[in-house]
Amino acid sequence: MYCSGMAKIRLMTADDIDSSQGLLSQLGYPLESSELRRRYDAVARCRDHALFVAEDDGRVVALCHVYARPALDKPPEAIVQALVVDTAARSTGVGKGMMVTAETWARNFGFKSVALGSSVTRSDAHAFYEAIGYERTATSHLFRKDIQA
């Protein structure tokens, strides 16, 4: 467990799903609780993924999902898939604490770098990542095709 100011960072449990649902909605990903539970169960089973939450006064105020990405075309590294801090807890050090936790997890897995993507519209997030030492190294477009019948 890591402490960031008043918040305590710990592994996420199934009991945190309802709180996480609200956080993901703030990030722009509203999910039904049954779908979030299904996704949580899938991620929680994977040894090379980790889910962390920050708790302040018994309330979950942040969520971070990090995973190991082995690759041929890029260096093997840890990827922060999601980081969201409750709007009321931003600028308190919780986000930095979550990233330190993700970096520690990555280091423990033997990775030498951590990468993440951030929407081009999230300039506040970009400033935050740059302030904690992350550099913009590439820009790209995400392509997706719906393959459901």
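The values are calculated or read from the model by the stated rules, or taken from the named source; none is laboratory data. Keep in mind it's a predicted model, so treat the numbers as computed, not measured. Reconstructed Cβ throughout: ideal geometry from the backbone, glycine too, with neighbour counts over all protein chains shown.
Out of VAL100, VAL61, report the one residue that is at pLDDT 90 or above, touching a strand residue (DSSP E or B) at 6+ places or on another chain (Cβ under 6 Å) and either under 25 Å from ILE132 (Cα atoms) or surrounded by 12 or more Cβ atoms within 10 Å (Cβ to Cβ) (or both).
On the way: VAL100 fails: touching a strand residue (DSSP E or B) at 6+ places or on another chain (Cβ under 6 Å).
Answer to the selection: VAL61.
Got a sec? Which of ALA14, ALA42, ALA7, ALA54 is over 15 Å from ALA82 (Cα atoms) and crowded, with 18+ Cβ neighbours inside 10 Å?
On inspection, the qualifying residue turns out to be ALA7.
Report, ordered by the first and then the second residue, all pairs with beta carbons closer than 7 Å, sequence separation of six or more or different chains, a first member in region 111-124 that is within 16 Å of ALA82 (Cβ to Cβ) and modelled with pLDDT under 90, and a second member that is outside any strand (DSSP E or B) and of a type in the set (Gly, Ala, Ser).
From region 111-124, the pairs are SER118/ALA125.
Hey, does region 122-145 have a residue that's within 27 Å of MET6 (Cα to Cα) and in contact with a His (Cβ under 8 Å, 6 or more places away or on another chain)?
Looking through region 122-145, none of the residues is within 27 Å of MET6 (Cα to Cα) and in contact with a His (Cβ under 8 Å, 6 or more places away or on another chain).
Could you please let me know if THR139 is more than 23 Å from ILE17 (Cα to Cα), in contact (Cβ under 8 Å) with a residue 40 or more places away in the chain and either charged (D, E, K, R) or surrounded by fewer than 16 Cβ atoms within 10 Å (Cβ to Cβ) (or both)? First the steps, then the outcome.
Details: more than 23 Å from ILE17 (Cα to Cα): yes; in contact (Cβ under 8 Å) with a residue 40 or more places away in the chain: no; either charged (D, E, K, R) or surrounded by fewer than 16 Cβ atoms within 10 Å (Cβ to Cβ) (or both): yes.
For THR139, the condition - more than 23 Å from ILE17 (Cα to Cα), in contact (Cβ under 8 Å) with a residue 40 or more places away in the chain and either charged (D, E, K, R) or surrounded by fewer than 16 Cβ atoms within 10 Å (Cβ to Cβ) (or both) - is not met.
Kindly list the number of the only condition in (1) closer than 22 Å to TYR40 by Cα; (2) in contact with a Ser or Thr (Cβ under 6 Å, 6 or more places away or on another chain); (3) not aromatic (Phe, Trp, Tyr) that fails for ALA125.
Failed condition: (1).
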